[in-house]
Amino acid sequence: MLTYNKPFIFQRADPYVVKADDGYYYFTASVPAYDGIILRRSRTLEGLTGAQEIYVWHRHASGPQSIHIWAPELHKLFGGWYIYYAAGDKDDIWNIRPYVLRCRGENPYEDTWEELGPMKACEEDEFSFTQFSLDATVFENNGKQYMVWAEKVGSGRQISNLYIAKMAAPDRLATCQVLLSTPDYEWERHGFWVNEGPSVLKHEGRIYLTYSASDTGPAYCVGMLSADEKSNLLDPGSWKKNREPVLASCPKYSIFGPGHDCFTEDERGNTILVYHARTRPEIEGDPLYNPNRHTMLMKVRWDEKGEPVFSLDEKEGSGKKPDV
């Protein structure tokens, strides 16, 4: 039986789960060593907890993709399996960029993977992927593929914004970037001004895009944007941004710094939020390198307006913001 809002897979941050057409659930995430990309698979969602974990790709010994292998996501698009992930350079550790792997066969767990290199902007775009950029996710809408990612701009400590563009190929954008969200509110600006970790949920004609905000300690939380699936998704005016986080730290339930989520379905068709969080507020050392961010699950409910509710209280199911 699935247990909600408790560690589901220990020490796996930035989790991503996909329920594939081949009958398997696939799981990937950042590992504490940040040294490569892992996969698990299981016939059931619950089975991912004890499923065998394999490395499908390891970091380079030097140069680009040699450090900080972060936030892999497994997607099937353009007729094949692809993994999107971020990586840095040992000689310039914050030179983080998004990269793409392609599966050489139809079985992402058993077949080999090859590098396609860094994600590329369209010819007219002189800005995308030129600065610290990561957390690329992709989704389909009305027959078009879109990418959303986080990229820093400005000077000094910089600001991490979310951008969106259409895709021309698995490793190339078709349109110039459009600014989707910037950290406007105080809850997005703790430690660093951050919007990152986007994830998409589609429901009854609406697109919900969750994202993570603030630094990776207890202030880390989840915000949300939404749009009509028939609207122009490259028009910022099509998107509505929630003024408050939809999920935040809650000492009552020993949940601290929830974030970097994705969505899947259980075997009964229930929408499941997959996210990481800590179980204690105290963090030894730099939060980024502390391994105790654990993958957790939450059953998503829907309110009377048809909008998602993210509740840590399984009995209550309220949409109220938890106490931080």
Item checked: Under the Karplus curve 6.51 cos²θ - 1.76 cosθ + 1.60, θ = phi - 60°, whole-Hz ³J(HN,Hα) for segment 285-296, x wherever Gly or Pro sits -> x, 5, x, 5, 9, 6, x, 8, 9, 10, 6, 10
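Pull out a ≥ b ≥ c, the square roots of the eigenvalues of the alpha-carbon gyration tensor of the chain, then state rounded if a/c is under 1.5, prolate if not and a/b is larger than b/c, and oblate in the remaining case.
rounded
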Check: So for Arg102, Arg41, what's the accessible-area order with a 1.4 Å probe, most first?
Finding: Arg102, Arg41
Next item on the list: Only Cα pairs under 8 Å and at least 6 apart count here; give the relative contact order of the chain as a rounded whole percent.
Entry: 15
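Which FRET efficiency, nearest 0.05, do Lys202 and Gln52 yield, Cβ-Cβ r, R0 30 Å?
That pair, Lys202 with Gln52, gives E of 0.45.
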Margin query: How much accessible area per residue does the chain have, counting only protein heavy atoms and a probe of 1.4 Å, in square angstrom?
Written below: 44
Check: What accessible surface, in Å², does a 1.4 Å probe find on Phe127, ignoring ligands, DNA and RNA and rounding to the nearest 10?
Finding: 140
Item checked: Accessible surface of the chain, 1.4 Å probe, proportion on carbon and sulfur as whole % -> 46
Item checked: Global geometry of segment 155-274, whether rounded, prolate or oblate, following the gyration tensor of its Cα atoms and the 1.5 cut on a/c -> oblate
Note to self: Please report the spacing between the Cα centers of segment 266-308 and segment 211-230 in Å, no decimals.
What the structure shows: 12
Margin query: Going by amide H atoms built from the backbone, whose H comes under 5 Å of the H on Gln11, apart from near neighbours?
Written below: Arg293, His294, Thr295
Check: Relative to the Cα centre, what is the charge dipole magnitude of the chain, using +1 at the beta carbon of each Lys and Arg, -1 at the beta carbon of each Asp and Glu, and rounding to the nearest 20 debye?
Finding: 500
Next item on the list: Compute the Cα gyration tensor for segment 60-143, then decide on rounded, prolate or oblate, letting a ≥ b ≥ c be the square roots of its eigenvalues: rounded whenever a/c is under 1.5, prolate when a/b is larger than b/c in the other cases, and oblate in all that remain.
Entry: oblate
Next item on the list: With a 1.4 Å probe and every protein chain left in place, tell me how much accessible area Asp92 has, in Å² to the nearest 10.
Entry: 80
Notebook entry, point to check: Hey, got a sec? Which chymotrypsin sites (Phe, Trp or Tyr not before Pro) in segment 154-232 land in a DSSP loop and have at most 15 other Cβ atoms within 10 Å?
Noted result: Tyr185
Note to self: Test of the criteria: in segment 81-128, which GluC sites (Glu not before Pro) are in a DSSP loop and have at most 13 other Cβ atoms within 10 angstrom of their Cβ?
What the structure shows: Glu106, Glu110, Glu123, Glu124, Glu126
Notebook entry, point to check: Are there trypsin sites (Lys or Arg not before Pro) in segment 53-101 that DSSP marks as loop and that have at most 12 other Cβ atoms within 10 Å, and which are they?
Noted result: none
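The values are calculated or read from the model by the stated rules, or taken from the named source; none is laboratory data. This is a predicted model, so every value here is computed, not measured. Because the Cβ atoms are built from the backbone with ideal geometry, glycine has one as well, and the counts that use them run over all protein chains shown. Heavy atoms of the whole protein, side chains included, go into the accessibility calculation; ligands, DNA and RNA do not. Shrake-Rupley method; radii C 1.70, N 1.55, O 1.52, S 1.80 Å.
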